[in-house]
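Remarks on the structure that follows.
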Amino acid sequence: AQSVTQLDSQVPVFEEAPVELRCNYSSSVSVYLFWYVQYPNQGLQLLLKYLSGSTLVKGINGFEAEFNKSQTSFHLRKPSVHISDTAEYFCAVSDQLNTGKLIFGQGTTLQVKP
Amino acid sequence: DTEVTQTPKHLVMGMTNKKSLKCEQHMGHRAMYWYKQKAKKPPELMFVYSYEKLSINESVPSRFSPECPNSSLLNLHLHALQPEDSALYLCASSHSGAANTGELFFGEGSRLTVL
């Protein structure tokens, strides 16, 4: 079984500052890793994903994440945030057994202040 | 624009009503999902359909009844709900079989309020 821990429930940051949202996972099998964003009153949108290959993954809206297998982490970063980045961010994992089950972390609320 | 369309966007119903939530996708995906999401919480998986057959039911109460009429449509029939069932209901689709990495394509959700 897999589990996902998002280490911060809320991250306040000023506009144009860098940000890192932390995610750790545990699994007995190889996994695929995802970050989703949810704006208020909307569904979830995929930011980026790690399936294989380069451990540095670039996504939409200037976000990137780095897969660290030894640390079992997949932290999300952005060098300069905008007010419009204010949203809920979910880290998620699925096993490589194609079961179709996606395990979500508890979410991190990113609050960008002017 | 999302390629998974959910209707209605908002629904208010009484505890004795019968209503349905609808979901449609035209991406050729053969796996479709219903999730329930409470405020400030991650989505919780309810049902998974694979090739129009129910493959996962996460012990959901029988007052929620899913239906997959064809590969593009997914319904969730609601009957005798409780106020605690008020939530955002999200539909999602994905590739299936060996191509299923777990990446989900979500709709905008249907916000349900049970009075």
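The values are calculated or read from the model by the stated rules, or taken from the named source; none is laboratory data. This structure is a prediction, so every number in the text was calculated from the model and none was measured. Cβ atoms come from the backbone with ideal geometry, glycine included; neighbour counts cover every protein chain shown.
Structure data summary
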{"read-out": "Index of the failed condition, A:Asn41 passing every other in (1) without any contact (Cβ under 8 Å) to a residue 12 or more places away in the chain; (2) at the interface with chain B (Cβ under 10 Å from one of its Cβ atoms); (3) surrounded by 15 or more Cβ atoms within 10 Å (Cβ to Cβ)", "value": "(3)"}
{"read-out": "Residue list for the range B:51-66, restricted to those being assigned to a strand (DSSP E or B) and surrounded by fewer than 19 Cβ atoms within 10 Å (Cβ to Cβ)", "value": "B:Lys53, B:Leu54, B:Ser55, B:Ile56, B:Asn57, B:Ser65"}
{"read-out": "One residue from B:Lys36, B:Lys40 being in a strand (DSSP E or B), of a type outside the set (A, V, I, L, M, F, W, C), within 14 Å of chain A (Cβ to nearest Cβ) and under 22 Å from A:Gln42 (Cα atoms)", "value": "B:Lys36"}
{"read-out": "Unique match (being away from chain B (no Cβ under 14 Å) and not polar (S, T, N, Q)) among A:Lys49, A:Lys78", "value": "A:Lys78"}
{"read-out": "Matching residues in the range A:39-80 - criterion: being in contact with a Phe, Trp or Tyr (Cβ under 8 Å, 6 or more places away or on another chain), in a strand (DSSP E or B) and under 30 Å from B:Ala87 (Cβ atoms)", "value": "A:Leu44, A:Gln45, A:Leu46, A:Leu47, A:Leu48, A:Lys49, A:Tyr50, A:Ala65, A:Phe74, A:Leu76, A:Lys78"}
{"read-out": "Count - residues of the range A:90-111 that are part of a strand (DSSP E or B), more than 17 Å from B:Lys41 (Cα to Cα) and either modelled with pLDDT under 80 or aliphatic (A, V, I, L, M) (or both)", "value": "1"}
{"read-out": "Selected residue (criterion: nearest to A:Gly53 (Cα to Cα)) from residues of the range A:73-84 that are surrounded by 17 or more Cβ atoms within 10 Å (Cβ to Cβ) and within 13 Å of the chain's Cα centre (by Cα)", "value": "A:Phe74"}
